[in-house]
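Working notes for the structure below.
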Amino acid sequence: MRVLLQLLSALFRRPGLGSNARSEPLDTYLKPLILVLIALLVGPDLFALVELTTLLEVLGAAMFILAFAASGRLLLTTALGRARRLLLPAEYAWLLKIRGQPSAIVFGTMFAARNALLLALLGFMAYAGVAIFVGIGA
């Protein structure tokens, strides 16, 4: 309270009177005075504002991490589903699941083996192309 009274007395003192003539501009005293007046007028709502701002910052970071994790999980689920469909398409899986006809199981196994062989061949060709391009085998 003493500081507030000193600020008020310095604010309303005339420059020519006394030995303590003010050399600072009026703005240096007005800014803290305005801040003090705002804090007094707002009252306890100021503390609620600070708490809510802090809560908003924490929740914002938590929501960002949650959204990042959810999108990563969705991406992983989609990638695994597509890899499963690429390695073992639904038609081959249905042929393998038929129990009563051995010929369907044989055809399903042959189709799955052919698909795996083609994927391995394409993978090897891609690796060989990258190795030649980079110069690993040289």
task = Filter the range 107-132 down to the residues that are surrounded by 12 or more Cβ atoms within 10 Å (Cβ to Cβ) and either among the β-branched types (V, I, T) or in contact (Cβ under 8 Å) with a residue 12 or more places away in the chain (or both), then identify the one that is farthest from L87 (Cα to Cα).
result = F107
ask   = Would a scan of the range 129-136 turn up a residue that is of a type outside the set (K, R) and not in a helix (DSSP H, G or I)?
value = yes
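Values in this text are rule-based calculations from the coordinates and carry no lab data. Just so it is clear, the structure is predicted and the values come from calculations on it, not from any experiment. FYI the Cβ positions are ideal-geometry reconstructions off the backbone, even for glycines, and counts take in every protein chain you see.
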